[in-house]
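Report on the structure given below.
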Amino acid sequence: MDVGVTVGFVFAAERRQLILEMVRANGAVSLRELARVVQTSEVTVRRDVRALEAEGLLDRRHGGAVLPGGFTRESGFPQKSHLATAEKTAIADLAASFVEEGEAVVVGAGTTTQELARRLARVPGLTVVTNSLLVAQALAHANRVEVVMTGGTLRGSNYALVGSGAEQSLQGLRVSRAFLSGSGLTAERGLSTSNMLSASVDRALVQAAAEVVVLADHTKLGTDTMFQTVPTDVITRLVTDEPPAHADRAATELQALADQGVHISVAGPGTGNGSTGGGHGDAGVAPARRRDVPPLPGQRRSLPLGHGQPPGPGGGAPPGAQLRGAVPLGDQATARVADLAPRRR
């Protein structure tokens, strides 16, 4: 009996060592891929990942495992594309519902923004400025969408153009809103990423937009990475998914972001069906379901367009408020909305 226990323990230890080596090599690995490589079930892998997390050797994320701590190197597109896929689809469905015909927007690099781009292909008269080859590819065959790409140097890990060429091409540009993703989001620092060049281009994208919409699934909430891209007081709206019941950190961070003045739209069950929710989806497809967490009054440095709100401090209108293409992020008539009042501190 003791021999059997010893053999089982050694096998588990070897299996967990292999899991740890895979995560260290790739930055992030899905549970499905881990189970395939170590030739066991996802249930067993999940147990192994939980044990490794307890030792501080890695961090669990929905559907996978990543290097421990927020201040780590950025994982590549192949790894990111397998994490939280259902959540990213739901977020993209809801985010697309905020875009109207004839708008001009900027869309940053990332797997979630790539999902958004696939839905924006249905919006007629749209102009999309992007530094992402994946976003451009998703829109390449959209006859009624004009795609404008920045210059710059290609980063192969995420198929994005970065550097001074990308930043200079954005100077003098003005659009209604920017859609950005990142590696982490906290109420204290806002959106952040692990790469300095990516962060610099994202800041240039923000400067070009009247409103900033962040797309981040719940696994990124409460995660802080090395380079800040968008401070919390610049974020107009966060589009995210409903955190699981056990994700206390994500739920706490959502409330903290609302208290900081960020409008939060949570994609609930019923999204992820390919609908844009804004009248551009396929006929007969149910609209995206959502609930909104309104910001705490008086906390915003600048206010979103189109809500009938007073000018910002000093009497000035929010940047870009005079743009004809700036469409308000108003509630969609077909969306299901339940307001959650923020806690007052």
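The values are calculated or read from the model by the stated rules, or taken from the named source; none is laboratory data. All figures in this text were calculated on a predicted structure; none of them were measured in a lab. Backbone-built Cβ (ideal geometry, glycine too); neighbour counts: all protein chains shown. The protein model used for the area step is the full one, side chains on, heavy atoms only, and it has no ligands, DNA or RNA in it. Shrake-Rupley method; radii C 1.70, N 1.55, O 1.52, S 1.80 Å.
The figures follow:
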{"quantity": "Stretch gain in nm, segment Gln17-Ser41, where the contour uses 0.36 nm per residue and the Cα spacing is subtracted", "calculated": "7.0 nm"}
{"quantity": "Overall form of the range 14-66 per C-alpha gyration tensor (a/c, 1.5; a/b vs b/c)", "calculated": "rounded"}
{"quantity": "Gyration tensor (alpha-carbon) shape descriptor, the range 171-213, a/c threshold 1.5", "calculated": "oblate"}
{"quantity": "Charge tally in the Cβ shell below 10 Å around Ala209, where Lys, Arg are +1 and Asp, Glu are -1, Ala209 excluded", "calculated": "+1"}
{"quantity": "Residues whose placed amide H lies under 5 Å from that of Gly268, excluding near-sequence neighbours", "calculated": "Arg289, Arg290, Arg291"}
{"quantity": "Accessible area per residue in Å² at 1.4 Å probe, computed on the range 102-241", "calculated": "32 Å²"}
